[in-house]
């Protein structure tokens, strides 16, 4: 399994070779640095801890600076430190070590990625927007009742059942979108183009994970140089 932290950017469209347009979301992913490894023998679960987005050292507290100084041998801080659980014996756990860098080069075009983000907060909303209620009929006898929820229960029970759909806080929740296809990868800017939409606002924090073996120092594609044929001229003795 592969895991990376990033943030959402703008949406755009790209064109395939056959001319069809596809909607994609641009994501800045990594580079992340490994800060710790968890094992079942010592911690009770198997996971890797990642740090992303460097932060000025003066903005971090002393416990965090002391923890990171043991790994990087300098005063450095990161804004986001998150753990990702992996199955026991996963290749990513076995090959990663604290202080190692992980970036978008481990992804391949065509990979299916699960993205976890935080949806936009909508505040307190009524039942029409929050749950899709149709509202009351716009006819006689329904003054100021067009967007009301209506009855919330029977009269004899004397209570409202749990889970009743009513008005309340909407959004600002963790949302997972699965199987987004990696359309393009830009190693220079650490950007991924993922097909489809992603929950959250621009610059919102994202967690990306995908199945497949993790490869360190993945070899680059071989460069094939064009073969140029040179005509040989016949030598003439004068």
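The values are calculated or read from the model by the stated rules, or taken from the named source; none is laboratory data. Treat the numbers as computed from the prediction; the structure is a model and nothing was measured. Note: ideal-geometry Cβ built from the backbone for every residue, glycine included; neighbour counts use all protein chains shown.
Would you tally the residues in region 21-37 being touching a helix residue (DSSP H, G or I) at 6+ places or on another chain (Cβ under 9 Å) and over 14 Å from residue 103 (Cβ atoms)?
3
In region 1-40, how many are farther than 26 Å from residue 199 by Cα and not in a strand (DSSP E or B)?
Count: 5.
If I go through region 40-59 residue by residue, how many of them are exposed (fewer than 14 other Cβ atoms within 10 Å of the Cβ), closer than 16 Å to residue 82 by Cβ and in contact (Cβ under 8 Å) with a residue 12 or more places away in the chain?
Residues that pass the stated criteria total 2.
What strands (runs of 3 or more DSSP E) completely inside region 41-156 contain at least 3 residues that are under 25 Å from residue 29 (Cα atoms)?
Correct list: 47-55, 77-85, 112-118.
Of all residues being in contact (Cβ under 8 Å) with a residue 40 or more places away in the chain and part of a loop (DSSP other than H, G, I, E, B) in region 157-183, which is farthest from the chain's Cα centre (by Cα)? Just the residue, please.
167
Restricting the first residue to region 205-216 and requiring it to be not assigned by TED's automatic domain parsing to the domain that holds residue 10, which pairs with a second residue that is modelled with pLDDT of 90 or more and part of a loop (DSSP other than H, G, I, E, B) meet a Cβ separation below 8 Å and a spacing of at least six or different chains?
Cβ pairs passing all conditions: none.
Only one of 49, 100 is within 24 Å of the chain's Cα centre (by Cα) and modelled with pLDDT of 85 or more. Can you tell me which? Write out each step before concluding.
Details: 100 fails: modelled with pLDDT of 85 or more.
Among 49, 100, only 49 is within 24 Å of the chain's Cα centre (by Cα) and modelled with pLDDT of 85 or more.
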